[in-house]
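Below you'll find the structure, written out as structure tokens, and then a few comments.
The values are calculated or read from the model by the stated rules, or taken from the named source; none is laboratory data. Note that this is a predicted model, so its numbers are computed, not measured. Positions of Cβ are backbone-derived with ideal geometry, glycine not excepted, and every protein chain shown enters the neighbour counts.
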């Protein structure tokens, strides 16, 4: 068990399944995070979303229809986090996680640099009521910018410690050449990334890629996921990376049986709705997307490793004097 502060523990409690949450089994402390922090990739997928109002409307529709089936919702501060609150689309009792990074990256494609949204900060996210921060960082352990990415992560993690706000870290792998990562390279990068970044003080949850390409042989999946669990000193949850729902469902089973603490799912659940409008979009979200998320939540509740297996906090009666 690792010690954790009161604020961070409370954020984890809010973002995971609890005994008081209907529809979440026995409340084992697992993640079923609805991911909606996408920006540039949604604008590319649907030109209508070049308009902030249209992109926001899409995100608020998804939030309104699916938040109740998730343990928390991941939003961005640019077009969805505050809007979801002011419109009431995000239920008042539903935890939310806010992204802190700018969409895209600086630097070269083979030496990427992360950046915070101009005018945004961890402290502001804390003030608006977020339960956790999400930081995306492009990372390859052998990149010339690896040390810089580690320092960038450490700075945001330190800000989270200062605000006593949980940090969900999302490292995304990339190739150092103009070729895609091979299966062996992908496994090495994802697992070595967990080994290097999760020990950074203030990192609480790893939002990880599946450690193998989606088309890799399935018999290899369990050992790769177990290796990722062994490398990460924090709980890790599986992102969906726009794979099909069927593929993602099988990945979740392999990941959770190997020690993952749940999921952060986006397009695998709602991607068809990106090109829909009006009632057609609402109908899809209320049926197919909701059924998918409910099914994935049941898998996480049954199979995932609770975050309470990782963290514990003490509260002596004079704790507030040094808090």
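Key figures
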read-out	value
Extreme residue, surrounded by the most Cβ atoms within 10 Å (Cβ to Cβ), among residues of the range 38-59 that are assigned to a loop (DSSP other than H, G, I, E, B) and in contact (Cβ under 8 Å) with a residue 60 or more places away in the chain	38
Residue ranges of strands (runs of 3 or more DSSP E) in the range 91-177 with at least 2 members touching a helix residue (DSSP H, G or I) at 6+ places or on another chain (Cβ under 7 Å)	95-99, 132-138, 166-172
Lone qualifier among 294, 287, 308 - being at pLDDT 95 or above, in a helix (DSSP H, G or I) and over 15 Å from residue 34 (Cβ atoms)	287
Filter pass, residue 148 being touching a strand residue (DSSP E or B) at 6+ places or on another chain (Cβ under 9 Å) and within 22 Å of residue 33 (Cα to Cα)	no
Residues that are modelled with pLDDT of 95 or more and either part of a loop (DSSP other than H, G, I, E, B) or surrounded by fewer than 20 Cβ atoms within 10 Å (Cβ to Cβ) (or both), drawn from the range 18-37	30, 36, 37
Residue within the range 60-75 that is farther than 11 Å from residue 34 by Cα, touching a strand residue (DSSP E or B) at 6+ places or on another chain (Cβ under 9 Å) and not in a strand (DSSP E or B) present	no
The range 183-213, subset out of contact with any strand residue (DSSP E or B) (no Cβ under 9 Å at 6 or more places or on another chain) and part of a loop (DSSP other than H, G, I, E, B), residue nearest to residue 10 (Cα to Cα)	201
Residue match in the range 220-233 (condition: surrounded by fewer than 19 Cβ atoms within 10 Å (Cβ to Cβ), in contact with a helix residue (DSSP H, G or I) (Cβ under 7 Å, 6 or more places away or on another chain), modelled with pLDDT of 95 or more and over 19 Å from residue 263 (Cα atoms))	no
Which numbered condition residue 255 fails, given (1) under 30 Å from residue 56 (Cα atoms); (2) within 17 Å of the chain's Cα centre (by Cα)	(1)
Residue in the range 112-127 that is touching a residue at least 40 places away in the same chain (Cβ under 8 Å) and over 19 Å from residue 37 (Cα atoms) present	yes
Qualifying positions in the range 69-101 - free of Cβ contacts under 8 Å to residues at least 40 places away in the same chain and surrounded by fewer than 18 Cβ atoms within 10 Å (Cβ to Cβ)	86, 87, 88, 91, 92, 93
